[in-house]
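Read the structure below first, then the notes.
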Amino acid sequence: MLNIVLSALLACVLAAPALAADVLKIGTLPAADSVLLYAAREDGVFARHGLDVDIVPFQSALELGAAMRAGALDGHFGDIINVLMQNETDAPQVIVATTSHSAPEARYFGLAVSPHSKISSPDELTGRTCAIGRATIVEFILDELLARTGGRADAPEKQDIRQIPVRVQMLLAGRMDSALLPEPLLSLVEASGARVLLDDQDLDITLAVIALRRPENGVDNAFADKVIRFRAALAEEAGTLDARPEKRTALLKAFRLLPEKAEANYRAPRFGDTSALPTESDLDRYAAWMERKGLLKKGLPDRTDIVFQER
């Protein structure tokens, strides 16, 4: 009799529908470290942490920001400037992870000179065209790099080319004298004859982050629990990819984040501690630049409002 009861209970358990995973729709840009999201999904790491992550690719920060403001996304891979701008335009969100921080041994962004240009030093950029995305981290990096070399931020003639692949094409065709590009596209143009004049290895600042939309009722226990699981999944996958660089390269190629021509030049940096979050100094540095550009009219929010706080 007992065996019959146990069998009946087991049958009920097996027949019951599985609990639905928390769904997150995350927008991404064609930058190399966005592969962390794809890898965690493909390896089932998100699923093991009770998450169903849908990854939506975009070609520009402008398009991604518009999707966040429209409520079409739960979060995005991007940068602090994008987060602050979206918070200004009623798309409040919380930074939950860091995927890259500039370091002497890593290159994430760089200023490349067209194969058709004879520019050989930052001094020669004055009056020459430079393809960027205005009011984005790309323009911020350009200004920072020029300041470090003693140059003026307004020395190059900045051209607002929002879509990153178009920026690459215009540079290689000689329609732009220079362009500020992320990796691995920087390695791609380098392999195609462009020269990297300046890069970000000495900037010492948080570069790429992942942010999630803040719930209308604030950061409650349910949201905090989801963030903790999301952060744990990212940290687990980052450890796997750091230990197996060949797997990371294979995934970069599989998701078309590493053009074949760039492979020989590109050196993927380690993810390291993705749970590290932007510091007050990071936020102040970006905010000061944004205020000079007239992009931050409401001022810098309190760090506790835009950076996830472990409870």
(request) Could you work out the Kirkwood radius for segment 241-311, taking every pair of different alpha carbons, averaging 1/r and inverting it, reported in Å? (result) 15.6
(message) Please give the charge dipole size of the chain, origin at the Cα centre, charges +1 on K and R Cβ atoms and -1 on D and E Cβ atoms. Round to the nearest 20 debye.
(response) 600
(message) Using only the alpha-carbon atoms, how far is helix 221-243 inclined from the longest principal axis of the chain? Give it as 0 to 90 degrees, nearest 10.
(response) 60
(message) With n ≥ 4 as the cut-off for DSSP H runs, can you work out [θ] at 222 nm for the chain, using -39500 (n - 2.57) per run divided by the number of residues, rounded to the nearest 500?
(response) -11500 deg cm²/dmol
(message) Compute the helix-to-body angle for 137-148: its Cα long axis versus the longest principal axis of the chain, expressed 0 to 90° and rounded to tens.
(response) 50
(message) How large is the Rg to Rh ratio of the chain when both quantities use alpha carbon positions and Rh follows Kirkwood?
(response) 1.05
(request) Counting only DSSP beta bridges with both residues in the chain, tell me the antiparallel percent, nearest 5. (result) 55
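Work out the length of the dipole vector of segment 109-199 about its Cα centre, built from +1 on the beta-carbon of each Lys and Arg and -1 on the beta-carbon of each Asp and Glu, and round it to the nearest 20 debye. Please list the in-between numbers first.
Numbers: 10 positive and 12 negative charges, 46 e Å.
Computed about the Cα centre, the dipole is about 220 debye.
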(message) Using Cβ counts within 10 Å as a stand-in for footprinting exposure, how do 298, 25 rank, fewest first?
(response) 298, 25
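Please report 229, 167, 292 as a ranked list, fewest other C-beta atoms within 10 angstrom at the top and most at the bottom.
Neighbour counts put them in this order, fewest first: 292, 229, 167.
Quick one: 141, 306, fewest Cβ neighbours within 10 Å first, how do they rank? Intermediate results must be reported in sequence, preceding the final value.
Numbers: 141 26, 306 21.
Going from least to most buried by this count: 306, 141.
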(message) How large is the Kirkwood hydrodynamic radius of segment 109-199, counting all unique pairs of alpha carbons, in Å?
(response) 12.4
(request) Starting from the Cα-Cα distance between residue 202 and residue 279, subtract it from 0.36 nm times their residue separation and give me the gain in nm to one decimal. (result) 26.0 nm
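Each value in this text was obtained by applying a stated rule to the coordinates, not by laboratory testing. Just so we're clear, the structure is a prediction, and the values are computed from it rather than from any experiment. FYI the Cβ positions are ideal-geometry reconstructions off the backbone, even for glycines, and counts take in every protein chain you see.
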